[in-house]
Every structure is written in C-alpha cells, then in structure tokens.
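Visitor: Next up is a structure, given as structure tokens.
Just so it is clear, none of the values below were taken in a lab; they were calculated from the coordinates. Small disclaimer: the values here were computed from a predicted structure and weren't measured. With ideal geometry, Cβ positions are generated from the backbone for all residues, glycine too; neighbour counts draw on all protein chains shown.
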Amino acid sequence: MRVPIPITEELSFTFDESRTASPAIPSDPFSSSASTTTHIVPAAHGYSFRVSKGTRFRIIDIHGEQVVDFMAWAHTSPVFTLTEKVSMAYTRFHLSGVTPAVGECLWTNRDRPLLRLTADTVKVHDMTFMSCFPELYEKEGLKGHRSCAGNIAEAMEKWGMRSHLEIADPFNIFQNTPNYSLKGGLGCSRPGDYVEFEALDDAVVAVSSCPYDLGGFNGGKITDVAVVIAKKSK
Ligand SMILES: [Zn+2]
C-alpha cells in the first residue's frame, strides 16, 4: 500500500532503521538521516535544487522501475543563467560508453566535469533519448498529459526557465533502453535503488519522475522518487 506523502515538505528519511543504532560513519553521510535532507518528488512531477561544490546527493527509486529524467546547470557566477549545462553529447564524448561508471563524470557544454558519479546500485541508464514532452502526448490524444520536459520547466521556473523548449538533453536514470530501443520494459531498478553524485562545482539540479504511463513503461505505474542531499561536513 502506498502512503500519501506531503509534496512540498522537506522530510527526514531513514533508509534502514537498523543502521541508525550504529555510530555514524564519517565518510558516509548517508548512513544517518540526521546528516541528510530528503525531498519526496511526487509521481509524475519535477523538483529542482541547488547544491554547492563538494555536496553529495542521491536520486532514489522508492518503488522500483521508475525512470527519473535528470539535468543540471552550473551555478558558478553570482547571476544564475541557463547557459552552462550538463550535456549528454559532451558526456558521451568523455565516456568509454553511454553510461558513466562510478568515478566518471557528467560534463557540461563548457567541457567541464560538473557532477561525479560516486555510487550506482543499478548501472543501467540512458543518455540517448530525449525527455517525454507535451507534443508527444498530444499526438496520442492526451493533451495536457504531464511530461518530463514540462516537469523540468516547471521546476526550473524559479531559476528563470520560461518554456519546456529550454530544457537540456536528459540523463535518464534507471531507464533501460539498450541499443537505442524502446522495446520491452524500460525499468530494471528495484525499490531503494539509487545513484549518487558529488557536485564538482556549484550547480542547480532538476529531476522528473517520468509520467510516461503508456505501454507498461515505468513498471505500469508512475511512482514517487526521492532526492536525498547530504549535509556537508564543516
Ligand atoms: Zn518522461
């Protein structure tokens, strides 16, 4: 049974209660809920957040088989603009394949590594497909259907984004589309699976719980995901 979760509150989130009895491990801020901040991203919606250099954060698939579209922009000047962003083309150029291994980075269109992948419990993601977008659903007769492009634009409005046409190409976390094929099931992540990044510079990050509910994708049911941000140790 799914329990309704407040959609805007910052929640304290414990991954594994059995671990809270043990002393926190200094090198792993995620081992204690006291050292993290959790935001639940409601099913089929988006969320954006700022991280400073050195911050680690996780994107968690709470219920399994839920794709999360992911984008990030550098926030290195006093006035934020949408100009320097994580680019899948630049990232593919630097990787040996189309999925970063732990230790590899997501690169920006200024040819800088902005985020380093520091943990990954799935290792199956996509950096070739675009985000689902309003017109995709309109062509299926589903005008007004939520989309990742719309979700990201909505979440990034406070950062100056005015249209879903301004989004970047996404890193599609937990999306299983090998050989550029949408055939078959998209998801192979299980409840609690996550990817973890370290910000190599100040950044604004946006995510979307993919609302694509056609053809059994996203496990046949769109679900909440979580963003967990570790507090930086002073
Ligand atoms: Zn989507």
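Visitor: Loop only by DSSP, 12 or fewer other Cβ within 10 Å of the Cβ. Give me the GluC sites (Glu not before Pro) in the stretch 139-234 that pass, ordered by residue number. It would help to have the intermediate numbers written out before the result.
Guide: Details: sites: Glu140, Glu154, Glu157, Glu166, Glu196, Glu198; in loops: Glu140.
Filter output for the stretch 139-234: Glu140.
Visitor: Would you mind working out the magnitude of the charge dipole of the chain relative to its Cα centre, with +1 at each Lys and Arg C-beta and -1 at each Asp and Glu C-beta, to the nearest 20 Debye? Write down the numbers at each step before the final one.
Guide: Details: 23 positive and 27 negative charges, 61 e Å.
That gives the chain a dipole magnitude of about 300 debye.
Visitor: Kindly state, to the nearest 0.05, the FRET efficiency for His94 paired with Arg162, given R0 = 45 Å and r defined as their beta-carbon distance.
Guide: On the way: r = 30 Å, r/R0 = 0.67.
Efficiency for this residue pair is about 0.90.
Visitor: Please list, or write none, the aspartates and glutamates whose alpha carbon is within less than 18 Å of the alpha carbon of Lys139, excluding same-chain residues fewer than 8 places away.
Guide: Straight-line reach from Lys139, under 18 Å: Asp213.
Visitor: Another question, if that's okay. Count neighbours as other Cβ atoms within 10 Å of each site's Cβ, and list the trypsin sites (Lys or Arg not before Pro) in the stretch 62-166 that are DSSP loop with at most 14 such neighbours. Numbers along the way, then the final one.
Guide: Details: sites: Lys85, Arg92, Arg110, Arg116, Lys123, Lys139, Lys143, Arg146, Lys158, Arg162; in loops: Arg110, Lys123, Lys139, Lys143, Arg146, Arg162.
Passing sites in the stretch 62-166 are Arg110, Lys123, Lys139, Lys143, Arg162.
Visitor: If you don't mind, there's one more thing I want to ask. Neighbour counts of other C-beta atoms within 10 Å: give me Phe129, Phe30 arranged from fewest to most.
Guide: Arranged by neighbour count, lowest to highest, Phe129, Phe30 become Phe129, Phe30.
Visitor: Next up: Please list, or write none, the aspartates and glutamates whose alpha carbon is within less than 16 Å of the alpha carbon of Lys53, excluding same-chain residues fewer than 8 places away.
Guide: Glu84, Glu196, Glu198, Asp201, Asp202
Visitor: Give me, ordered by chain and number, the residues 5 or more places off Gly54 or on other chains with an amide H under 5 Å from its own placed amide H.
Guide: Those qualifying (amide H under 5 Å, at least 5 residues apart or on another chain) are Ala199, Leu200, Asp201.
Visitor: Normalised radius of gyration for the stretch 146-210, please: alpha carbon Rg relative to 2.2 N^0.38 Å, two decimal places.
Guide: Details: Rg = 14.0 Å, N = 65, 2.2 N^0.38 = 10.7 Å.
Normalised Cα radius of gyration, the stretch 146-210: 1.30.
Visitor: How long is the gain from Val79 to Arg190 if the chain were fully straight, where each residue apart is worth 0.36 nm and the alpha carbon distance is subtracted?
Guide: Roughly 36.0 nm would be gained on extension.
Visitor: Once R0 is set to 25 Å, what does the formula 1/(1 + (r/R0)^6) return for the Cβ-Cβ distance between Thr128 and Ser35, expressed as a FRET efficiency to the nearest 0.05? Intermediate values should be presented prior to the final figure.
Guide: Numbers: r = 35 Å, r/R0 = 1.42.
The pair Thr128/Ser35 has a calculated efficiency of 0.10.
Visitor: Place +1 on the Cβ of every Lys and Arg and -1 on the Cβ of every Asp and Glu in the chain, take the dipole about the Cα centre, and give the residue among Ala89, Phe197, Ser181 whose Cα lies farthest towards its positive end.
Guide: Phe197
Visitor: What does the helix-only formula give at 222 nm for the chain: each DSSP H stretch with n ≥ 4 adding -39500 (n - 2.57), the total divided by the residues, and the result rounded to the nearest 500 deg cm²/dmol? Intermediate results must be reported in sequence, preceding the final value.
Guide: On the way: 3 runs with 20 residues, N = 234.
After summing the helix terms and dividing by the residues of the chain, the value is -2000 deg cm²/dmol.
Visitor: Next question, about the same structure. Treating only the Cα positions of the chain as identical point scatterers, give the base-10 log of I(q)/I(0) from the Debye formula at each q in 0.08, 0.17 Å⁻¹.
Guide: -0.27, -1.33
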